[in-house]
Every structure is written in C-alpha cells, then in structure tokens.
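For reference, the structure is listed below as structure tokens.
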Amino acid sequence: MGCEDEKVSDWGKSLPVPSVQELVRNDPRSLPQRYIQLHGDRPVVPDMAMASSSFDIPIIDFALLAKGDEDETRNLDLACKEWGFFQIINHGMPEEVLLKMKAAIAAFFELPLEEKNKYAQDGNDFQGYGQAYVASEDQKLDWCDMVFLITLPHEIRNLKYWADTIPGFKNAIEKYSKEAQKVAEEICSNISLLMGMDKDGLKRSYGNTKQAMRMNYYPPCSRPDLVIGINPHSDPDIITLLLQDDEVPGLQIRHKDEWVLVKPIRNAIVVNVGDVMEILSNGMYKSIEHRAITNESKARLSLATIMIPYDELEIGPMECAVDDHRPRMYGNMKYLDYLRYTFARKMEGKAHLDNTLKIKSSSF
Ligand code: OGA
Ligand code: NI
C-alpha cells in the first residue's frame, strides 16, 4: 500500500449496510424499517411518465460556450447563480463513450453478490462497492447501492476495486474519465472568466485536482413514497458531472423551496456546482441540495463524476470574490478537515457547509 491509500482512508469510513439490490432480489416487497423515512422526509413521487414539474433546469450548449459565445456565457452565469445545476448538450463526449460507461456500470451491478463483494469497501477505505455516509446504526438509509472509485490521477488509482472480470470495464472508465475531465475543466475555465479572472484563475487557486466516480444503483421499490434513493445533500467537491439514465428519472434538486425533477435529456450531462466552488466564489455560485427518488418498476443507474482538490488545500473565498458589497461569507479550512466532517455524519442537506465554514453573522 502506498501512502496515498492511507490518505484516502483518512477521509473516514461508512458503516457496512446490506445490499438493497439483494433485498429486492430476495423479496421485491421487502421494506426494512431502516429505509422508511420519517414523515416530513418522505418524497411526493411525481408521475414519472409525465415527469411533470413546474420548472426545467437550464440547458447550456457546451459547443457555444467553448467558442466563447457571450450569450451562452451569460446563461452559464445565471445557471450557476440561480440554479447551481444545469444540463449540457453538445459536450463533445462521443455517444459510444457514454453508452460503454453505462453498460460497464450495469454489468457490474448484474454480477452475483459474491462477485461484487470481491470489490467491497475494505476496512477503513472509502473506495469500493458498498455505501457512503452511514454514521450510525439507527439512521435512515438510502435505497441505493454504490461503487466509489478514485479515477484520476492515474498514480493514485487503487485497481483492486476495479471489476477486472468485466470485459471493457477498465477501458470504459478510462475513456469516460478523460472526456469528463476535459468538460469539467472547460466549465471551470468559463466560471473563472465569469469571476473576472483569466481562464486559469480558479485552477491556480484549487491547484491539482483528483477525479472520483460514484456509481449509483437504485433498485425499484414497492413503496417509492416511503424511501429516498439518495438523501438530500450537496456535493463536497468543486464540480460534479452526472450521467443519468436516459429513460428513468429520479434526480430532484431543491429550487425555490420545491423539489424539481431533472428530466433526462438523451446523452446530456447534468452539471452541478459543488461546495468548494461555492466557497471559492464566496457564495456567488451555489452548491444546491439534491436527492434521488425511486420508482416502483424500474431500477435506475447514475454516475456522478466529481472533481476534488487535494487534501492539504486550504479552502476559503478567493480575494477577487470578496469586496465591500460582498463581504466574506466563509472562513478557511483544510479540505481534508472539511471532507472528514461531511463523511462523519449522515447527509443532511447543506448542514455541513453551514456548520463549518459559513460565517454566521453573514448578512446574505
Ligand atoms: C450523487 C448524486 C444523484 C443521482 O451521487 O452525488 O447526487 O441522480 N446522485 O443519482
Ligand atoms: Ni450529489
């Protein structure tokens, strides 16, 4: 084991929980108490066929953005300020790369449990097949199984968690990871420009980054009105790219106090601003609470690709984002301490950001 493994372990660990997929495989009507949400936390399950909701999240044409189109840059600014979420089309990621990535995730979850368990989270490690954010035996659990892998830079991959028995698994991640990194960097360059810096301004601030993937499998549930696929949270990263199922909706974001369903657009990528971006931009760009709901008939797959700084980075608002009109909203904190804080407790919306770095007397 290299020292990087030890650092990954330092993030903290999640208590082991049963596979939800296996629960459903054994008894489709099974609904253990630990998954039944308290009344106020239960979702109102929208009519998925209609996928109706009162809002649609913004759509950004990535090709226009990359060309420096002013209108599209303005749209990105509004999307990050008012929604914290948007979908990108024309992102240039080949359809084949997306399809192979989805097929690799599907193939993994189709493996028998004992095969999947060969890649299970090991001891203190956060990576592997299992669950995240489980801090106590009595907290309500997600109706979800997941795999977490660090994918970039290459040197810190821990291949023992990569399902090498699935043909093409590694190759699919390799290709997708590279494409996703290009897209994430281009978006950050544009946000840099929007913050009044040159395009490398943000990158200079957060330094080298790591990329990790969270592969989610949400089994169908006989009572989708009682469970939550992934509990409300904001992502503790710089930026997230979410590849979601083209057919089965489930992602909801909190917008103007309503849960808005993100309607899948074929081959589009959902992008969201993470906590680190919110902090660097001194709250100008918002890391928005989101969750996933389940449905009665179809399993849903998704892939969150996250861009995170190195553990040692001191995160805090950038100089250019603080002035008399926008006083400093957050203190400074080492990224590792922030991550540890978030991983040590159940996800509770944005409580981790509010309880750590947010300056309480802020007038915003
Ligand atoms: C995540 C996440 C939402 C989804 O993995 O962080 O928010 O729709 N996923 O799977
Ligand atoms: Ni998320």
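The values are calculated or read from the model by the stated rules, or taken from the named source; none is laboratory data. Only a predicted model underlies this, so the values are computations on that prediction, with no experimental measurement involved. FYI the Cβ positions are ideal-geometry reconstructions off the backbone, even for glycines, and counts take in every protein chain you see.
Annotation note: of 270, 248, the sole residue that is part of a strand (DSSP E or B) and either within 16 Å of ligand 2 (Cβ to nearest atom) or surrounded by fewer than 22 Cβ atoms within 10 Å (Cβ to Cβ) (or both) is 270. No other residue among 206, 218 is within 16 Å of ligand 1 (Cβ to nearest atom) and at pLDDT 95 or above apart from 218. For residue 326, are the conditions met, namely being more than 23 Å from residue 149 (Cβ to Cβ), modelled with pLDDT under 95 and of a type in the set (Lys, Arg)? Here the answer is yes, as residue 326 does meet what is asked.
For the stretch 118-132, a residue qualifies if it is more than 19 Å from the chain's Cα centre (by Cα) and within 14 Å of residue 146 (Cβ to Cβ), and the qualifying residues are 119, 120.
Within the stretch 194-222, restricting attention to residues that are closer than 30 Å to residue 35 by Cα and among the hydroxyl-bearing types (Ser, Thr, Tyr), the residue that is nearest to ligand 2 (Cβ to nearest atom) is 218. Only a single criterion out of (1) within 12 Å of ligand 1 (Cβ to nearest atom); (2) modelled with pLDDT under 95 is not satisfied by residue 255, namely (1). Filtering the stretch 275-308 to residues that are within 14 Å of ligand 2 (Cβ to nearest atom) and in a helix (DSSP H, G or I) leaves 275, 276, 277, 278.
Residues of the stretch 236-252 that are in contact (Cβ under 8 Å) with a residue 60 or more places away in the chain, touching a His at 6+ places or on another chain (Cβ under 8 Å) and either more than 14 Å from residue 288 (Cβ to Cβ) or near ligand 1 (Cβ under 9 Å from one of its atoms) (or both): 252 alone. For the stretch 168-209, which positions are over 13 Å from residue 97 (Cα atoms), among the polar types (S, T, N, Q) and more than 17 Å from the chain's Cα centre (by Cα)? 189, 190, 192, 205, 208 - these are the residues of the stretch 168-209 that are over 13 Å from residue 97 (Cα atoms), among the polar types (S, T, N, Q) and more than 17 Å from the chain's Cα centre (by Cα).
Considering (1) among the charged types (D, E, K, R); (2) surrounded by 15 or more Cβ atoms within 10 Å (Cβ to Cβ); (3) touching an Asp or Glu at 6+ places or on another chain (Cβ under 6 Å), the lone condition that residue 358 does not fulfil carries the number (3). Search the stretch 146-164 for residues that are in contact (Cβ under 8 Å) with a residue 60 or more places away in the chain and pair each with any residue that is aliphatic (A, V, I, L, M) and outside any strand (DSSP E or B) when their beta-carbon atoms are under 7 Å apart and the residues are at least 6 apart or on different chains. Listed pairs, sorted by first residue: 146/132; 148/132; 150/8; 150/156; 151/173.
Taken over the stretch 103-157, residues that are under 22 Å from residue 240 (Cα atoms), at pLDDT 95 or above, part of a loop (DSSP other than H, G, I, E, B) and away from ligand 1 (no atom under 15 Å from the Cβ) amount to 2.
On inspection, residue 261 passes the criterion of being within 13 Å of ligand 1 (Cβ to nearest atom), in contact (Cβ under 8 Å) with a residue 40 or more places away in the chain and not charged (D, E, K, R).
For the stretch 174-191, the set of residues classified as surrounded by fewer than 20 Cβ atoms within 10 Å (Cβ to Cβ) and more than 20 Å from residue 214 (Cβ to Cβ) consists of 186, 189, listed by residue number.
Going through the stretch 289-318 one residue at a time, which ones are within 11 Å of ligand 1 (Cβ to nearest atom) and buried (at least 23 other Cβ atoms within 10 Å of the Cβ)? Listed by number, the residues that qualify are 290, 292, 293, 294, 300, 302, 303, 305, 306.
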